[in-house]
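Report on the structure given below.
The values are calculated or read from the model by the stated rules, or taken from the named source; none is laboratory data. Owing to the predicted nature of the structure, the values given are computational and were not obtained by experimental measurement. Don't worry about glycine lacking a Cβ; one is built from the backbone with ideal geometry, like all the others, and counts go over all protein chains shown.
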Amino acid sequence: MSGEIVEVIRGAVEAWNAADMDRLRTFYDPDIVVRPLPDWPEATPEITGGRDELMRAFAQIREPWDATDVLEVLGDFVTAGDRVIARYLWKAEGHGPPLSMEMTYVNTVCNGRIVEIEMFWDHAKALEACGLSE
């Protein structure tokens with residue numbers, strides 16, 4: 001099962017990096033919940049309205065960077081039960097200011113779709129949240 005859930009996350013990253021939002025949408029459960037990063041530069045509430053709300057948020061996030069907007073996976077994906085811990089470097093350039101931010105997502109996968117994302121600035125804290133350590 002761990003290989004299958006990793007492939008879901010890998011597919012979502014590939015779709016994001018290709019700016020294929022229609023394909024990206026297929027990786028998320030209609031009722032997904034997203035817990036954003038604490039201290040995000042903009043006030044970002046928890047997403048509880050499901051996939052449609054998430055896709056609207058993604059469109060807003062992508063808008064300032066029209067040239068490049070990529071997630072670079074740092075290290076290996078780590079699995080813990082139905083969760084995949086993924087460490088990213090988000091890089092973007094375009095008509096907004098250049099961006100380079102490191103963050104970790106804890107993705108919960110069920111029936112081939114991401115049902116929950118919890119974001120962390122600190123990779124070690126993300127691992128701890130899953131009962132793991134570095």
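Conditions (1) buried (at least 16 other Cβ atoms within 10 Å of the Cβ); (2) over 25 Å from Asp22 (Cβ atoms), marked per residue:
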site: Val70; (1), (2): yes, no
site: Val78; (1), (2): yes, yes
site: Arg83; (1), (2): yes, yes
site: Arg87; (1), (2): yes, yes
site: Ser100; (1), (2): no, yes
site: Ile117; (1), (2): yes, no
site: Phe120; (1), (2): yes, yes
site: His123; (1), (2): yes, yes
site: Leu127; (1), (2): yes, yes
Is one or more of the residues making up region 56-78 within 20 Å of Val8 (Cβ to Cβ), among the basic types (Lys, Arg) and touching a strand residue (DSSP E or B) at 6+ places or on another chain (Cβ under 7 Å)? no
Which one of these does Ala129 not meet: (1) over 20 Å from Asp29 (Cα atoms); (2) modelled with pLDDT under 85; (3) of a type in the set (A, V, I, L, M, F, W, C)? (2)
Of the residues in region 61-92, those that are at pLDDT below 80 and part of a strand (DSSP E or B) number 2
The conditions are (1) farther than 17 Å from Met103 by Cα; (2) at pLDDT below 95; (3) within 14 Å of the chain's Cα centre (by Cα), and Trp16 fails exactly one of them. Which is it? (1)
